[in-house]
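I have placed the structure first, in the form of C-alpha cells, so that the comments after it can refer back to it.
Where a number appears in this text, it was derived from the coordinates with a stated rule and is not lab data. All of these numbers come straight from a predicted model, not from anything done at the bench. Please note: Cβ atoms are built from the backbone with ideal geometry, for glycine as well, and neighbour counts cover all protein chains shown.
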Amino acid sequence: MMRAIEINNMQDAAQLNQIACTLGYDAWVHGDTEMMDAKSFLGLVSLIGKPHLRFVVPDSEEAKHALKLVEKYLH
C-alpha cells in the first residue's frame, strides 16, 4: 500500500519517523530515485523538500491504520 506524502520540514520528518517506529513491520518512503527506511530519522531528513514521495507499507488490514496515521500528520 502506498500513500503520497510531503516532507516539508524537520517536524514532518520527526512525525513520520515516530509513526514508523511504532509499527511492527517495515515502512519505507520512496522517491523518484531513492528509497529510505521510514524508521531512519536521518534518511527522512534527507528527503525534506523532495517531490513525489510515497509512504509504503505491506498490504494488510493492520497497515491501513498506519496510512491513516500518516494522512493525519502529513498533508
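Give region 52-73 a look and list any residue that's over 9 Å from the mean Cα position of the chain (by Cα) and closer than 14 Å to Asp12 by Cα, or say none. Leu69, Glu71, Lys72, Tyr73, listed by residue number. Can you say whether Val45 is in contact (Cβ under 8 Å) with a residue 40 or more places away in the chain and β-branched (Val, Ile, Thr), as far as the supplied structure shows? Answer is no for this residue. Considering only residues that are farther than 15 Å from Ala66 by Cα and of a type in the set (Asp, Glu), look in region 9-36 and name the one that is nearest to the chain's Cα centre (by Cα). The qualifying residue nearest to the chain's Cα centre (by Cα) is Asp12.
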